[in-house]
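The values are calculated or read from the model by the stated rules, or taken from the named source; none is laboratory data. All values reported here derive from a predicted model rather than from experimental measurement. Cβ placement follows ideal geometry from the backbone for every residue including glycine, while neighbour counts extend to all protein chains displayed. What goes into the accessible areas is simple: the full protein's heavy atoms, side chains included, and nothing from ligands, DNA or RNA. Shrake-Rupley method; radii C 1.70, N 1.55, O 1.52, S 1.80 Å.
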Amino acid sequence: MYERGSARGPSRRWRAWVVAGGGLALVAILALILVAPWQGEAPIEFSYSQLLVALAEGRVIEGTFVNGDRMEGLLHPESGTTTTGPVAFETQLPVGQVDHLLERFVSAEVPFGARASEPSLWTHLLFAAPWLLLGGLVLFFFVKGPGAQFARHSRTRSRMARHGRGPVKFSDVAGADEAKAELEEIVGFLKDPKRFGRLGGRMPRGALLAGEPGNGKTLLARSVAGEAGCEFFSASGSEFVEMFVGTGAARVRDLFRQARAHAPAIVFIDEIDAVGRRRGEATASGSQDEREQALNQLLIEMDGFTPSDSVVVLAATNRPDVLDPALLRRGRFDRQITVGYPDLKGREGILRVHTRGLPLGPDVALEDVARGTGGMSGADLANIANEAALAAARRGSMLVEMQDLDEARDRILLGSERRGLLLTAEDRHLTAYHEAGHAVIALVVPGLDPVHKVTIVPREKSLGVTAMLPERDRHTHAFSDLRARLVMLMAGRAAEERVLGIERVTTGAGSDIRHATRIARQMVVSFGMSRRIGMVDLSGDDGPLTAHTGRIVDEEVRRIIDEAYQEALRILDEERPLMDGIAQALLARETLGQADLAELMAVR
Ligand code: ADP
Ligand code: ZN
């Protein structure tokens with residue numbers, strides 16, 4: 001469509017571009033002059049797993065922990081590459097991996113140090129100068145239009161570069177599709193607040209990410225910033241309460257002042273329950289006044305947003321139930337996004353994301369790994385990828401193969417193997433029968449997941465393991481399935497009793513019993529599976545209403561477990577030859593796979 005007055009538009013735009021080009025050239029020259037001589041060669045960006053591999057291969061010369069979430073250091077290049085001499089590297093450390101990495105440095109006897117990330121005044125100036133200039137230029141010449149977009153982009157990029165990490169995108173977060181869909185709107189808003197307002201969208205202010213630790217709440221928050229290309233400011237709720245009175249509120253104020261100054265921006269508050277508990281409720285730590293002042297300040301900040309602020313607050317917690325209702329009111333954290341444990345597809349996706357940089361062998365089936373990791377968090381799965389890379393390096397293999405992933409999974413599930421641990425012959429005998437007991441039930445009782453592996457190689461957390469491989473994630477469980485599971489759990493102890501007599505059973509069944517008790521209790525108080533209790537829910541915080549009901553609950557839990565135990569004894573007596581066969585095979589070979597078990601079943 002032809003527009004009147006459009007003749008003026010293009011010429012203006014043309015001028016703006018010329019000025020922008022000139023400004024850019026100037027800035028580029030300045031930046032080159034200022035920065036180049038001091039920069040040296042840029043460090044190579046290493047993934048955490050690559051770092052672990054390099055460490056295991058003895059290529060790391062030294063490392064410095066920066067601010068507890070990054071490592072800088074020197075290493076020898078991989079053999080076969082053209083570079084000679086040490087190269088500088090930089091690695092972003094996954095959350096919670098510092099201790100782990102420290103241990104690795106100590107055991108590899110590689111020198112390491114630590115420093116805070118606060119750069120010296122000199123570097124500050126050095127880096128700030130060109131960007132200040134650019135900022136000034138941009139502000140001067142185009143406050144509106146594509147110029148503004150452009151300015152925002154460069155500044156964000158500069159920060160990202162300075163922190164040595166690329167922006168996290170939605171594609172780095174696997175699974176969590178629903179959460180991403182909900183966050184999409186916030187991305188849209190931050191990308192272009194004005195347009196969002198014109199389209200009549202209600203300005204998002206805050207969203208609460210709720211879920212167990214390690215499932216990607218922080219990652220999601222960062223990816224919103226990455227997708228929108230905006231600034232990311234983060235703090236933990238506990239930072240606001242562990243201080244002298246008054247400083248917590250001041251820190252909240254400061255955080256938001258910074259965010260506003262750099263808008264569009266995300267403010268991310270991890271563990272918001274530390275500061276956001278219901279007011280007037282005593283907490284275990286931190287002064288009450290201090291916390292309430294910080295919370296009040298947070299509410300004030302959120303209410304004080306004007307549409308032009310374009311700051312969105314994301315908060316994370318695993319206890320949304322304890323938050324002060326004022327936080328959840330309209331215009332504050334009025335949307336709650338659940339970030340749960342990943343399902344089968346999600347686990348496969350997370351494994352895929354974290355093995356992206358690894359050379360995977362042709363036998364690797366991530367779907368199978370995902371099937372064997374039900375109940376693990378995203379952080380656990382990321383850890384599997386790292387551990388597998390290490391296991392491959394230890395073997396001296398160029399490829400990460402299925403055996404490495406299996407080993408890594410077992411390691412994370414059960415602790416590392418303690419092959420050196422000397423067991424008495426009696427202990428081995430007992431463990432073999434205990435596991436054989438579990439395995440027999442898993443093999444002959446319908447409704448249980450297939451056995452993937454039985455082993456009596458001792459580990460940090462257990463002497464033996466019967467690992468099952470769920471065919472799929474189950475969301476509902478039939479009564480008969482739960483009962484079968486109880487029988488399976490009790491069968492370890494039942495086998496001990498049959499073989500050694502009730503006098504000599506051991507403490508080895510402790511975790512089986514704990515697990516079984518939890519299931520039986522749920523059957524009674526939540527699932528309406530006890531006739532004496534009936535179909536009422538007694539699982540709330542308040543528990544059973546009367547001492548009398550409480551006693552019946554206990555009796556019912558006991559009865560259900562006892563029946564499962566008797567059933568286990570009965571089946572083991574019936575299947576005694578199979579149990580003996582498995583136990584003997586375990587004593588001979590330590591680990592039995594699916595095929596070995598199928599063979600033993602065939603002779604039954
Ligand atoms: P939370 O904040 O919920 O405690 P994080 O976001 O800190 O969890 O997750 C810890 C680490 O686990 C992440 O840095 C990432 O490596 C991994 N992770 C967790 N969930 C996912 C996911 N959905 N996709 C990819 N990686 C994940
Ligand atoms: Zn057991």
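Among the trypsin sites (Lys or Arg not before Pro) in the stretch 328-369, those placed in a DSSP loop whose Cβ has at most 16 other Cβ atoms within 10 Å are 329, 330, 356.
Within the stretch 300-414, what whole-number % of the accessible surface is contributed by carbon and sulfur, with the 1.4 Å probe and all protein chains included in the calculation? After summing per-atom areas, the C and S share lands at 51 percent. Stretching the chain fully between residue 599 and residue 547 yields a gain of 13.5 nm (0.36 nm per residue, less the alpha carbon separation). With K and R counted +1 and D and E -1, the other residues having a Cβ less than 10 Å from that of residue 267 yield a net charge of -1.
Set the bar at 20 Å for Cα to Cα. Now go through 194/217; 180/217; 169/217 and name every pair that lies beyond it.
Working: 194/217 27 Å; 180/217 11 Å; 169/217 13 Å.
Those over the limit are 194/217.
With N as its number of residues, the stretch 44-117 has a Cα radius of gyration that, divided by 2.2 N^0.38 Å, comes to 1.02.
Overall dimensions of the stretch 344-413, expressed as equivalent-ellipsoid semi-axes from the Cα gyration tensor (√(5λ), whole Å, largest first), are 18, 12, 10.
Between the beta carbons of residue 236 and residue 64, assuming R0 = 22 Å, the FRET efficiency works out to 0.40 to the nearest 0.05.
Given a Förster radius of 25 Å and the C-beta distance between residue 169 and residue 194 as r, what FRET efficiency does 1/(1 + (r/R0)^6) yield to the nearest 0.05? Step by step, r from the Cβ atoms, then E = 0.60.
With a 1.4 Å probe and every protein chain left in place, work out the accessible area per residue of the stretch 344-413 in Å², rounded to a whole number. Could the numbers behind the result be given before it?
Working: 2800 Å² over 70 residues.
Each residue of the stretch 344-413 exposes 40 Å² on average to a 1.4 Å probe.
Under a 1.4 Å probe, what is the accessible area of the stretch 426-561 per residue, stated in Å²? Working shown, then result.
Numbers: 6910 Å² over 136 residues.
Result: 51 Å² per residue.
For the stretch 424-515, GluC sites (Glu not before Pro) meeting the loop criterion (DSSP other than H, G, I, E, B) and having at most 11 other Cβ atoms within 10 Å: 460, 471.
Residue 511 to residue 296: FRET efficiency via 1/(1 + (r/R0)^6), r the Cβ-Cβ distance, R0 45 Å, to the nearest 0.05?
Values: r = 45 Å, r/R0 = 1.00.
So, using R0 = 45 Å, E works out to roughly 0.50.
On alpha-carbon atoms, Rg over Rh for the stretch 425-603 using Kirkwood Rh? Kindly include the intermediate steps, with their values, before the conclusion.
Numbers: Rg = 17.2 Å, Rh = 17.0 Å.
Dividing the radius of gyration by the Kirkwood radius yields 1.01.
Legend: residues 178, 599, 239, sorted from most to least accessible area (1.4 Å probe; ligands, DNA and RNA excluded), read 178, 599, 239.
Note that the stretch 44-117 presents 52 Å² accessible area per residue, ligands and nucleic acids not counted, probe 1.4 Å.
The length gained by stretching the chain between residue 100 and residue 253 to full extension, at 0.36 nm per residue less their Cα-Cα distance, is 51.6 nm. Carbon-plus-sulfur fraction of the accessible area of the stretch 231-272, 1.4 Å probe, in percent? So the carbon and sulfur contribution to the accessible surface is 52 percent. When the accessible area of the stretch 44-117 is computed with all protein chains present and a 1.4 Å probe, what percentage of it is carbon and sulfur? Summing carbon and sulfur atoms, their accessible area is 53 percent of the total for the stretch 44-117.
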